[in-house]
Amino acid sequence: METLKEFTIPFVGLKDGKHNFNFPIDNKFFAHFEYYDFDQVQLETKLVLDKKSTFLELSLDVQGKVTIPCDVSTELFDFSIDSQFDLLVKFGSNTESNSDEIVILPEGSYQINVAQYIYELIILAIPLKRIHPGIEDGTLQSEIINKLRELEPKEENLNLGVDPRWNKLKDLI
């Protein structure tokens, strides 16, 4: 946890009210979580901690871009991230919470590490299927895209309701 020590916020010495923190996020941050899907990471996390007498309110805001591979063409592209998340930190003896937005820390805690929450916020901002914007607008030219277009079923066979890839199976009968 040495690499994530900078994400630990000691809240005991802070006065009640809002406090701002900034965390630059790069590839080393994701290496700690053994997540290597990003080629390059340029993110900035802004955290606003609103300290109350009995609880804490955390507002996370992540902005920037990550370079990820396309699931169709394997080409790298920049994906912009702009994501927010609010977290409520309460104190008590029961440290289990049924909500994703509420964290319960043991009584007497004096600090909170926000690295896991930042990591989850970024990962959940990435879509499950990553498609290069050049594929959607038709401007991307690559060998893989050309081969996929070449192997695409022909229009006349689709109108007949027969997929030409299944015709070879008829030879087996």
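Rule-based calculations on the coordinates, nothing more; no lab input. Everything numeric in this text was worked out from a predicted model, so none of it was measured. Please note: Cβ atoms are built from the backbone with ideal geometry, for glycine as well, and neighbour counts cover all protein chains shown.
The figures follow:
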{"read-out": "Percent RCO, i.e. relative contact order, over the chain, from Cα pairs under 8 Å lying at least 6 residues apart", "value": "18 percent"}
{"read-out": "Euclidean distance of C-alpha centroids, the range 78-117 and the range 24-43, integer Å", "value": "21 Å"}
{"read-out": "Whole-number Å³ per residue for the convex hull built on Cα positions in the range 103-153", "value": "125 Å³"}
{"read-out": "For the range 80-129, fraction of C-alpha pairs farther apart than 11 Å, in %", "value": "73 percent"}
{"read-out": "Sorted largest first, extent of the range 1-54 alpha carbons per principal axis (Å)", "value": "42, 21, 14"}
{"read-out": "Simple Cβ-charge dipole of the range 1-138, Lys/Arg +1 and Asp/Glu -1, about Cα centre, in debye nearest 20", "value": "560 debye"}
{"read-out": "Reach of residue 51 by Cα under 14 Å, taken over aspartates and glutamates that are not fewer than 8 positions away in the same chain", "value": "16, 86"}
{"read-out": "Per residue, the convex hull volume that the Cα atoms of the range 1-141 enclose (Å³)", "value": "119 Å³"}
{"read-out": "Whichever lysines have a C-alpha closer than 22 Å to that of residue 52, once near sequence neighbours (fewer than 8 apart) are set aside", "value": "15, 18, 90"}
